[in-house]
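The values are calculated or read from the model by the stated rules, or taken from the named source; none is laboratory data. This one's a predicted model, so the numbers in the text were calculated from it and none came from an experiment. FYI the Cβ positions are ideal-geometry reconstructions off the backbone, even for glycines, and counts take in every protein chain you see. SASA here: full protein model, heavy atoms, side chains in, ligands and nucleic acids out. Shrake-Rupley method; radii C 1.70, N 1.55, O 1.52, S 1.80 Å.
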Amino acid sequence: QTPPHCTGGTRLGSPGRAACCSGRRCGRQQAMSSVNGTLFLNYQPQVDVRSGKVVGAEALLRWNRPGQGPVPPDRFVELAEDIGLIGRIGAWVLEEACRVAAAWPEPIAIAVNVSPSQFRLPRFYKGLVGALGRSGLEPWRLQVEITEGILLNDTEETLDELKRIRAFGVSIAMDDFGTGYSSLSYLQKFRFDKIKIDRTFVNRLADDPNAVAIVRAVVGFSEALGVIANAEGVETAAQAEVLRAEGCLEVQGYLYGRPMSSEAFVRMLYAARQN
Ligand code: C2E
Ligand code: CA
Ligand code: CA
Ligand code: CA
């Protein structure tokens with residue numbers, strides 16, 4: 001068994017020249033340079049709301065900073081972007097997620113988060129195709145989760161790049177749907193495979209009729225567009241019940257499983273076979 005740390009091909013221990021400090025080691029760079037060996041991925045199940053079956057998993061990055069414990073990923077992804085490390089970290093995440101998912105006992109999907117600055121790197125597409133090739137994972141099993149931050153600038157080029165990825169067979173999900181400024185206009189411009197309804201809406205489903213109305217609307221136009229609606233951050237049976245009643249297809253959240261190691265996730269898949 002490969003230990004769950006950052007090894008495979010990508011050395012993060014020597015970031016070299018960072019954008020923020022042109023060669024000299026600043027405090028932030030030193031913080032990140034101890035990353036090697038402590039980065040790992042967790043996997044959170046994505047569940048078909050009607051059958052209760054696990055249909056996929058989202059890979060979520062974890063960093064235990066030596067002596068300080070876990071650092072929230074959104075915070076250190078931002079840090080990695082600032083010091084120019086996001087390309088290497090993102091490439092490692094893709095490589096690792098594809099490698100791990102290729103060994104799962106069911107041919108289910110693996111969703112990987114890609115930040116805007118990682119996506120804009122010219123080598124992103126090549127890295128993605130390479131990770132698929134090296135792992136043997138079929139392209140249709142990989143899903144790239146992007147936020148609308150990706151679509152804010154350079155829209156034509158970005159759309160072409162998204163189309164190229166999708167033409168290769170990889171699916172694209174719009175993450176955190178409804179939290180930005182122009183989510184709807186992006187749906188018009190690009191054919192996403194999945195819309196992930198942000199958990200700020202899901203949170204309030206049991207007691208806020210406005211949240212129910214919003215989810216109903218998103219599910220409605222997802223159906224019309226032929227896009228899968230996924231509700232994130234489902235924590236209670238009451239929220240799940242509303243989502244089922246509204247026809248949301250896919251759910252994800254602590255109610256179904258917290259982000260976990262690949263080993264725990266595989267045990268979950270086997271346990272589901274028994275039922
Ligand atoms: P996200 O993509 O929206 O991921 C969902 C977040 O919600 C995860 O937080 C997950 O642990 C959390 N979550 C899942 N179910 C529940 C629930 O029922 N209740 C609550 N309260 N939270 C739930 P996490 O792992 O802390 O990640 C935060 C963000 O960091 C992610 O938000 C994503 O934007 C970013 N991130 C994580 N891994 C990566 C990565 O590999 N690459 C990039 N670029 N960003 C990543
Ligand atoms: Ca996500
Ligand atoms: Ca999200
Ligand atoms: Ca987020």
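A few comments on the model shown:
- Leading residue at positive end of dipole, the chain (Cβ point charges), from G220, I89, Y43: I89
- Sulfur and carbon atoms: percent of accessible area, the chain [1.4 Å]: 52 percent
- Of the trypsin sites (Lys or Arg not before Pro) found in segment 78-185, those that fall in a DSSP loop while having at most 12 other beta-carbon atoms within 10 Å are R123.
- Anisotropy class of segment 215-260 from Cα gyration tensor, a/c 1.5 cut: oblate
- Qualifying chymotrypsin sites (Phe, Trp or Tyr not before Pro) in segment 194-275, where qualification requires a DSSP coil assignment and no more than 12 other C-beta atoms within 10 Å, comprise Y254.
- Among the trypsin sites (Lys or Arg not before Pro) found in segment 173-245, those both in a DSSP coil and sparsely packed, with 14 or fewer other Cβ atoms within 10 Å of their Cβ, are R191.
- Largest to smallest in accessible area, the residues D193, D82 fall in the order D82, D193 (1.4 Å probe, all protein chains included).
- Contour excess over end-to-end distance, with Cα ends at F190 and E156 and 0.36 nm allotted per residue: 11.2 nm
- For the chain, modelled as a GNM whose springs connect Cα atoms under 10 angstrom apart, the maximal fluctuation among L162, L152, L85 occurs at L152.
- At full extension, A102 and S182 could sit 25.3 nm farther apart than now, given 0.36 nm per residue minus the alpha carbon distance.
- Difference of contour (0.36 nm per residue) and Cα-Cα distance, F168 to Q274: 34.7 nm
- Nearby lysines by direct alpha-carbon distance to K189 (threshold 16 angstrom, same-chain neighbours under 8 apart not counted): K163
- 13 Å cut-off, amide nitrogen to a point 7 angstrom out along R75 Cα→Cβ, residues in segment 37-65: 63-65
- Considering all different alpha carbon pairs of segment 96-176, the Kirkwood hydrodynamic radius works out to 12.9 Å.
- Antiparallel DSSP beta bridges within the chain, as percent of all bridges there, nearest 5: 40 percent
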